[in-house]
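To keep things clear, I will list the structure first and then write my remarks on it.
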Amino acid sequence: MAPIVKRSLLGSAASLMLLYMAWEFYMLQPSSLEEYPVIFEPLNMEILGSLSDWEMPNRRPEFSDLPAMKTLDPAFLPDYEQSFFSFRRRRLVFIGDVHGCFDELEELLRKISLTRRDHLIFTGDMINKGPQSGKVVDLARQLGASCVQGNHEDRILLIRTDLQSRGILDSGSVNAYDLPAYDWNDRQLARSLADDQAAWLQECPAILKIGQVKDMGEVVVVHGGLHPAVPLEQQELTSVYNQLNMLLLQGSIVPAPPYTNLTTVIYGGQSFEIRQYTKGLNSGCVHGGDLTALIIEDGGKSQVVQVRCKKHVQS
């Protein structure tokens, strides 16, 4: 074989070996879905702002009636006061997907010994599927709870708005054959919600910023998930409701000075999985699983409390 051919073959073999080694190195890196921080380059906001919707699919669409993000009143953050005669504590209590399971919600609140100083936060999908969605909403309102919207609130509210705009929100106002092709149960729930119940759900944001909690960094609540390479203000609402992959945010994306650049995400929607910086609270209550509460106290101490649920919906 001619020397020039040999050199060419050796060069090709060396290139292939380098490509293989690079691929092996990449595949052995920790997954971006792990709970530990993933380093992202800061986004250039000037470039981000110049991208078209086609180039930037995670650009947040404009919704005239949905608050995209709210910040929790700092007065609700965990606290502990002790005197010679007594002590008082304030806890944050995050509740996973209730789906209208009112009896189980009441049982869970009794089990955790909820007090007036505690603050409840629902991680979305409070309603639909289960038997008592209206009572769940009423109890949340009575307790002064906070919430984020899930995909079920979003769908039911959209159906309700559509029926109202057609003048057929009243269940006796039109023949069934003239109704839009919505799921019958969804339509019934949309019609059963009182105006004040619907208005309260409508005020639940897609993203709720909690603030700084010791050893957790900046705490954020969503229903489905967040894209790690997109600032909170630019998150696409559909992804926030339905994101399948829960990714940890890093300080370059959601700055959290001056204490830490970590962000802890608490979410419902997908699964029950408690990690250091991601807390998934959907434990399948409406399907006969558990209803979960994550309790955070002063100093970042946390615990998970659950109650068993009846099976209201077949899996």
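The table below gives the values:
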| item | result |
| --- | --- |
| Least to most buried among Phe94, Phe102 (fewest other Cβ within 10 Å first) | Phe102, Phe94 |
| Net charge of Cβ neighbours under 14 Å - reference Gly269; Lys, Arg +1; Asp, Glu -1 | -2 |
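Quick note: the coordinates plus some simple rules give every number you see, no bench work behind them. These numbers were taken from a predicted model, which means no experiment stands behind them. In this analysis, Cβ positions are derived from the backbone assuming ideal geometry, glycine residues included, and neighbour counts consider all displayed protein chains.
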